[in-house]
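Here is the structure we will look at, set down as structure tokens.
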Amino acid sequence: MPIRVLAPELVSQIAAGEVIERPASVVKELVENALDAGARRIEIDVEKGGVALCRVRDNGSGIARDELALALERHATSKISALGDLEHVVSLGFRGEALPSIASVSRLSLTSRVASAEHGWSVRVQDGAQGDPVPAPHAVGTTVEVRDLFFNVPPRRKFVRSEATEFQHVRRFVERLGLSRFGVAFQLNNAGRSVLALPAAHDRVASGKRVAEICGADFVAQSLSIERTSNISLRGWIGLPTASRAQPDLQYWFVNGRFVRDRQLHNAARLGYRDVLYHGRHPAYVLYLELDPAQVDVNAHPAKLELRFRDGRTVHDFVFRTLEEALRDTRPGSTETAGPGYRHTLTAVAGATPRLDLQEPGQASADLRNGVQAATSGVREPPAAAAGEEFPLGFALGQIHGIYILAQASDGLVLVDMHAAHERVTYERLKRLAAANSVAPQRLLVPLTIEVPGAEAEIAESNRDAFARLGVEIDRMGPGVLAVRQVPSLLAQTDITALIRDVLVDLREHGVSARIEDAGERLMATLACRTAVRANRSLTIAEMNALLREMERTDRADQCNHGRPTWARISLGELDRLFLRGR
């Protein structure tokens, strides 16, 4: 066919296909417009999953009579005015396509009033024809009513699912928007029945209640509240490792108030949990990243669900380090640390520490063969009465079935899985020893040759210094040939070829990689597991108390290397309820 200019109605429906996938997309676009208009209360009504009706009312600034018709024109917006504005977008919408795209595939009415007007004005779009504005009673704000979605696009209507399925999509969109704006009240009604009511949250407690309403009370109860601020700000809630999930279904990222799905951010969060999460499990979190809008390109996806960072590596490292430091403090007696510019500090372990040569795992195993005695050498437990101190894990009373330590604390009883606890204590000690010895390199007698695609060879060459800091000496021998001349002695027995390939894939996809550190930590975790005290090992009271004190000083001691909990508390109140005391 010859080249021709498409008809305006066809152009509008093509744009609608990019923006309006289902009824939930209509709700998303309309509510985002309301938020950009400064609304503090938004009410959403849907019928038949949103196909029959989607109505959004807000108390925002409203639209003047002279601008109502213009609001329904393509690429007409008050949010940007010049190309330079795209470099620092602060609004949720900015392209001016939502209303005309929705109007092209539905029957739409737009009613609005500004504060300076005596009454509101309404305009309708019926079968593609736009009427003139007419007076209408309305409070300050805007109401957009969308009926018979996709009535004129039968193929699109066939892809709409059941009413229940479409409404669940609408609810999830409203929940995400509710998580993005705590100061705004949201009301969602389905067929005239209230389904979700989120009052405005203006303080930390109220915000936590809203998160609990959307994500579940268990998530809030088993999460840490974090906040860290520099030139980038990260705040929110991160689930404890012991509250991980089978699916990544409770992971919310908001960048400058916008819900996004970003691979770099998800990868950074995964790395932050790498040392405390069981294989195959997924962390839960609700996180808010704030940075200069000029450092983010939000004009990268038709639905604005993806974005690009100007300096993705810096953002990735900031998120990863923040989560790693916050999770480091998950140990008995640690208190939640939250506040601007917080810093978690590594707690030094008291007492003599046996020196382990990580280049010789067999020798390390021999040094730790005595289990708790080796892990707590030089630690002498003071009697509770003489010391007059209170410890989070209390003092040991004895062993249960050769597996658990039973201890008495000031507020109840504590149960400790002695193998899991000692495994974490030993693992953290091995990591400190490895860090103190840096990365002891081992020179290969014969360089290892690896063939890779040319693009990955260039990545390896440009990251040669980064490899060297990890103990890997790598050279580019040809367009697609690498030579590995030196590796960390800790990884001498691993598959170096596969490891280097995986690192290069990570660098290509995410700009960063932690594969080499992961490989070393896996080896140390295995060593710690094999040398930790086993079940049915009889321990003295002094040995049990020594292990409890080590746990209180060890980072991440709330869970073992596999992500299992190491201890649990039964409060006096729970014991009283169990035995009906006071009734």
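Search segment 389-444 for residues being crowded, with 17+ Cβ neighbours inside 10 Å and in a loop (DSSP other than H, G, I, E, B), and hand back the single one that is modelled with the lowest pLDDT.
Val439
With the condition kept exactly as written, say whether any residue in segment 493-511 is modelled with pLDDT of 85 or more, of a type in the set (Lys, Arg) and not in a strand (DSSP E or B).
yes
Does Ser61 count as of a type in the set (Ser, Thr, Tyr) and free of Cβ contacts under 8 Å to residues at least 24 places away in the same chain?
no
Take Val160 and tell me if it is at pLDDT 90 or above, in contact with a helix residue (DSSP H, G or I) (Cβ under 8 Å, 6 or more places away or on another chain) and assigned by TED's automatic domain parsing to the domain that holds Ala103.
Taking the combined requirement at face value, the residue does not satisfy it.
Is there any pair linking a residue in segment 563-583 that is under 24 Å from Cys529 (Cα atoms) to one that is part of a strand (DSSP E or B) and among the acidic types (Asp, Glu), with Cβ under 8 Å and at least six apart or on different chains, and which?
Between residues of segment 563-583 that are under 24 Å from Cys529 (Cα atoms) and residues that are part of a strand (DSSP E or B) and among the acidic types (Asp, Glu), the close pairs are Arg564/Asp417; Pro565/Asp417; Thr566/Asp417; Trp567/Asp417.
For residues that are out of contact with any Phe, Trp or Tyr (no Cβ under 8 Å at 6 or more places or on another chain), of a type outside the set (D, E, K, R) and not in a strand (DSSP E or B), tally how many sit in segment 221-249.
Summing the residues that are out of contact with any Phe, Trp or Tyr (no Cβ under 8 Å at 6 or more places or on another chain), of a type outside the set (D, E, K, R) and not in a strand (DSSP E or B) in segment 221-249 gives 8.
Could you please give the count of residues in segment 22-63 that are part of a loop (DSSP other than H, G, I, E, B), of a type outside the set (A, V, I, L, M, F, W, C) and touching a helix residue (DSSP H, G or I) at 6+ places or on another chain (Cβ under 9 Å)?
3
Output yes when any residue across segment 517-527 is in a helix (DSSP H, G or I), closer than 30 Å to Gln399 by Cβ, modelled with pLDDT under 80 and touching an Asp or Glu at 6+ places or on another chain (Cβ under 6 Å), and no when none is.
Within segment 517-527, not a single residue is in a helix (DSSP H, G or I), closer than 30 Å to Gln399 by Cβ, modelled with pLDDT under 80 and touching an Asp or Glu at 6+ places or on another chain (Cβ under 6 Å).
Consider segment 160-175. How many of its residues are over 22 Å from Ala197 (Cβ atoms) and either among the small types (Gly, Ala, Ser) or free of Cβ contacts under 8 Å to residues at least 24 places away in the same chain (or both)?
Residues flagged as over 22 Å from Ala197 (Cβ atoms) and either among the small types (Gly, Ala, Ser) or free of Cβ contacts under 8 Å to residues at least 24 places away in the same chain (or both) within segment 160-175 amount to 1.
Filter segment 196-206 down to residues that are free of Cβ contacts under 8 Å to residues at least 40 places away in the same chain and surrounded by fewer than 18 Cβ atoms within 10 Å (Cβ to Cβ) and give me whichever is nearest to Arg41 (Cα to Cα).
Pro199
In contact with a strand residue (DSSP E or B) (Cβ under 9 Å, 6 or more places away or on another chain) and farther than 23 Å from Arg313 by Cβ: which single residue out of Trp253, Trp237 fits that description?
Trp237
Among Asp275, Asp218, which is more than 11 Å from the chain's Cα centre (by Cα), of a type in the set (Asp, Glu) and part of a loop (DSSP other than H, G, I, E, B)?
Asp275
Only one of Val46, Val56, Val31, Val89 is farther than 15 Å from Leu188 by Cα and β-branched (Val, Ile, Thr); which?
Step by step, each of Val46, Val56, Val31, Val89 is checked, and only Val89 is farther than 15 Å from Leu188 by Cα and β-branched (Val, Ile, Thr).
Restricting to segment 461-474, what's the tally of residues that are more than 17 Å from Glu517 (Cα to Cα) and either in contact with a strand residue (DSSP E or B) (Cβ under 8 Å, 6 or more places away or on another chain) or of a type in the set (Lys, Arg) (or both)?
Qualifying residue count, segment 461-474: 1.
Out of Asp85, Asp36, Asp45, which single residue is modelled with pLDDT of 95 or more and assigned by TED's automatic domain parsing to the domain that holds Glu145?
Asp45
Name the residues in segment 72-115 that are outside any loop (DSSP other than H, G, I, E, B), surrounded by fewer than 22 Cβ atoms within 10 Å (Cβ to Cβ) and not acidic (Asp, Glu), would you?
Leu83, Gly84, Leu86, His88, Arg107, Ser109
With respect to Phe151, is the statement that it is under 15 Å from Leu53 (Cα atoms) and in a loop (DSSP other than H, G, I, E, B) true?
yes
Which numbered condition trips up Gly582, out of (1) assigned to a loop (DSSP other than H, G, I, E, B); (2) within 29 Å of Arg274 (Cα to Cα); (3) modelled with pLDDT under 80?
(2)
Can you tell me how many residues within segment 11-24 are closer than 18 Å to Ala52 by Cβ and either at pLDDT 90 or above or in contact with a Leu (Cβ under 9 Å, 6 or more places away or on another chain) (or both)?
Total satisfying the criteria: 4.
State all residues of segment 176-201 that are in a strand (DSSP E or B) and in contact with a Ser or Thr (Cβ under 8 Å, 6 or more places away or on another chain); if no residue qualifies, say none.
Gln187, Leu188
The values are calculated or read from the model by the stated rules, or taken from the named source; none is laboratory data. What you are looking at is a predicted structure, and each value in this text was computed from that prediction instead of being measured. Quick reminder, even Gly has a Cβ in these numbers, built from the backbone with ideal geometry, and neighbours come from all protein chains shown.
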